[in-house]
Amino acid sequence: MKRIVLCAALMMALYSCSEPKKNSVQQEEGLAKKYEQNFKIGTIFAQPQIEGVDKLSIDIVKKHFNALTAENCMKGEVVQPEQGRFDFSLGDKVVDFARQNNMYMVGHVLVWHSQPPKWIFTDSQGNRVSRDTLIERMKNHITTVVKHFKGKVDAWDVVNEAFEDDGSYRKSPYFEIIGEDFINLAFKFAHEADPEVKLILNDYNVCKPQKCDAIIAKIKELRSSGLQVDYAGMQMHCTMDFPSKNEIETTLKKFEDNNIKLQITEFDLTSIPFPMGNTAEISARADYQEKYDPYKNCLDDDSRAKINSRFKEIFDSFLSHSQNIERVTVWGITDKGSWRLDWPIPGRTDFPTFFYSDGKMKEFLME
């Protein structure tokens, strides 16, 4: 979902005042093996891993994960930077790594209002294109990308973030030019390009009741019209208080009751103050203030325990509903490379992933 973090130089090498407990699970058993009876455990590949420069993260991926998502390199602005010119060089490297390591491969993403092909909505004079033109461009993009990776990608995030928190359609250029059936068309084109690949409708804040209901209704509508939708994707960019345990449980149960299987597509947990409410809107930005960066010098034992307790609370909900969850993907390999450190305020110290910046596993996973 999010852009590659570029502020690594701002991050501290050590985030804690005291060393975590000895990591026996990391030494003896990988997470994918530990949870193989529950669901796949996934993460992302970004530029440092693709280029092979982040060897610590690469080793962690090989040891602990059995599902992989391309963080940025399969997005529209990368794979089709100019109309008709496709560049799959980075995506091919991610797919090759996944295949070499026997990993479930997720393509991300075919239709998203953020990071689309930059030219796709306008003509040569800069005016918005017609409905028919955008449909044709969208079809060509989806068809070319999906066919290129056919047989190598197991599932695609087909449409990303199409709904507002109140359940209404996001007024994206896709929606404004084509109408709400841009979602139907996207799933139709993806299935036609590769009838075997699994298809996902992905969004954030799915635990908001109106948004959850809208997604369920849309998937049921798509299926009733004969279109393939295999999973709802729950991003799960969490804070220390949202979504609550009850909100998570209620949402997971809703999908079960409606016979819609889930993939947890972008799980992370921010433990630092958030100035903008509960959102994962990538366009949100705020200026740096020290009060929003409480752990810049160290992570004390009490704060560490609270973070791990919150991680465990959420993860335990996933485990208790694992019969309906195919995959849990954490959006980042170590804290050092998380997008959370650069959004919505750049340069902060946060602990959003399963592994601290030095590669040590979060304690909640060692229980």
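The values are calculated or read from the model by the stated rules, or taken from the named source; none is laboratory data. Predicted model only: the values in this text are computed from it and were never measured. Reconstructed Cβ throughout: ideal geometry from the backbone, glycine too, with neighbour counts over all protein chains shown. Heavy atoms of the whole protein, side chains included, go into the accessibility calculation; ligands, DNA and RNA do not. Shrake-Rupley method; radii C 1.70, N 1.55, O 1.52, S 1.80 Å.
Determine the distance separating the Cα centre of segment 242-258 from the Cα centre of segment 290-320; give it in Å without decimals. Here the two parts' Cα centres lie 21 Å apart. For residue 268, the amide hydrogen comes within under 5 Å of the amide hydrogens of 237, 238, 331, counting only partners 5 or more places away or on other chains and with H modelled in the peptide plane. Overall, the accessible surface of segment 211-278 at a probe of 1.4 angstrom is composed of carbon and sulfur to the extent of 49 percent. For segment 307-349, the carbon plus sulfur part of the accessible surface works out to 45%, probe radius 1.4 Å. Please compute the modelled spin-label separation between residue 296 and residue 133, points set 7 Å along Cα→Cβ, answer in nm with one decimal. Taking the simple label geometry, residue 133 and residue 296 are separated by 4.8 nm.
Which trypsin sites (Lys or Arg not before Pro) does segment 46-126 hold that lie in a coil by DSSP with at most 16 other beta carbons within 10 Å? Intermediate values should be presented prior to the final figure.
Working: sites: 55, 62, 63, 75, 85, 93, 99, 118; in loops: 75, 118.
Listed in order of number, the matching sites are 118.
For the chain, a Gaussian network of Cα nodes joined below 10 Å ranks 179, 30, 347 by mean-square fluctuation, and the top entry is 179.
Under the criterion of Cα pairs below 8 Å and six or more residues apart, the relative contact order for segment 76-173 equals 36 percent. Residues in segment 249-257 carry Karplus couplings, in order, of 4, 4, 5, 4, 5, 4, 5, 4, 5 Hz; the curve used is 6.51 cos²θ - 1.76 cosθ + 1.60 with θ = phi - 60°, and Gly or Pro positions show x. Close amide H partners of residue 107, meaning residues 5 or more places away or on another chain with modelled amide H under 5 Å apart, are 154, 155, 156, 157.
Result for the chain in a Gaussian network model with C-alpha springs under 10 Å: among 268, 157, 165, the largest mean-square fluctuation is at 165. Helical runs (DSSP H, four residues minimum) scored at -39500 (n - 2.57) apiece and divided by the length of the chain put the mean residue ellipticity at 222 nm at -10000 deg cm²/dmol.
Can you work out the accessible area per residue across segment 177-276, with the rest of the protein chains kept in place, probe 1.4 Å, in square angstrom? Walk me through the intermediate numbers first.
Numbers: 3440 Å² over 100 residues.
Heavy-atom accessible area per residue stands at 34 Å².
Projecting each Cα onto the charge dipole of segment 187-230 (Lys/Arg +1, Asp/Glu -1 at the beta carbon, about the Cα centre), which of 201, 216, 191 comes out farthest on the positive side? Most positive-ward Cα: 216.
The phi torsions of segment 107-116, fed into the Karplus equation with coefficients 6.51, -1.76 and 1.60 and a -60° offset, translate into couplings of x, 9, 8, 7, 9, 8, 5, 9, 6, x Hz, rounded to whole numbers, with Gly and Pro shown as x. Summarising the amide proton neighbourhood of residue 40: residues at separation of 5 or more, or on other chains, whose placed amide H is nearer than 5 Å comprise 327, 328. Taking Cα atoms only, the orientation of helix 131-148 departs from the longest principal axis of the chain by about 60 degrees.
Applying the Karplus relation 6.51 cos²θ - 1.76 cosθ + 1.60 with θ = phi - 60° to segment 221-234 yields 3J(HN,Hα) values of 5, 4, 5, 5, 8, x, 8, 8, 9, 8, 9, 8, x, 9 Hz, where x marks Gly and Pro. Of the residues 302, 342, 181, the one that moves most in a GNM of the chain with alpha-carbon contacts below 10 Å is 302. What a 1.4 Å probe finds exposed on segment 127-168 is 40% carbon and sulfur by accessible area, rounded to a whole percent.
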